[in-house]
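Throughout, read-outs are computed from the coordinates displayed, never taken from laboratory work. What you see is a predicted model; the values in this text were computed from it and never measured. Cβ atoms come from the backbone with ideal geometry, glycine included; neighbour counts cover every protein chain shown.
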Amino acid sequence: MPSVTVVRRLTFNAAHRVHNPALDDLENARLFGKCNNPNWHGHNYVLEVSVTGDIESRTGYVLDLARLKEIVNREVIDKVDHRNLNLDVDFMRDVIPTTENLAVGIWRILAPALAPARLTLIRLWESENNRVEYSGG
Ligand code: NI
């Protein structure tokens, strides 16, 4: 059976402040620049979730993309969309809310939620030009 990767793209917007409470204000401003703005700022995120597996002979699918969409909406998008990542999102508590940490947090939720389907890549765009990718590990 050929192994194929299917990808669902979803969007959300959220506010954050990139800030490390262990550092002083000057060091935070130096490290994070505008993203350290005390009164928050927002991003329009684009999330791409990749699942890899064999094509099921009964359906011709690896995984029904409508089902993938439902799971990602329920497990992730509903928890982050129109929220403040520093204050409102339980799985981002105690981490600096960078796109890197957000991608890892999303992976940790989705890997078990999608099983036995195999999550292989989280690609998270913070802006048109900046994205991070996480494939576990
Ligand atoms: Ni930012």
*asked:* Give me the net charge for the shell around residue 131: Cβ to Cβ below 14 angstrom, other residues only, Lys and Arg +1, Asp and Glu -1.
replied: -3
*So for the chain, taking the charge dipole from beta-carbon charges (+1 Lys/Arg, -1 Asp/Glu), which of 59, 103, 114 sits furthest toward the positive end?*
59
*Translational diffusion coefficient (Stokes-Einstein; Kirkwood radius from C-alpha pairs) of the range 62-137 at 25 °C, 0.890 mPa s, in µm²/s*: 187
*So, with +1 on the Cβ of K and R and -1 on the Cβ of D and E, and no other charges, what is the size of the charge dipole of the range 43-102 about its Cα centre, to the nearest 20 debye?*
100
*asked:* Considering the Cα positions of the chain, please state its Rg to one decimal place and its Dmax as a whole number of Å.
replied: 16.6, 60
*Which residue, 14, 22, 117, has the most motion in a Gaussian network model of the chain that connects Cα atoms within less than 10 Å?*
22
*Have a look at the DSSP beta bridges in the chain and tell me what percent are antiparallel, nearest 5.*
95
*Kindly provide the helix-only [θ] at 222 nm of the chain, computed as the sum of -39,500 (n - 2.57) over DSSP H runs of four or more divided by all residues, to the nearest 500 deg cm²/dmol?*
-7000 deg cm²/dmol
*Go through the range 18-67 and name the trypsin sites (Lys or Arg not before Pro) that are in a DSSP coil and have 16 or fewer other Cβ atoms within 10 Å of their Cβ.*
58
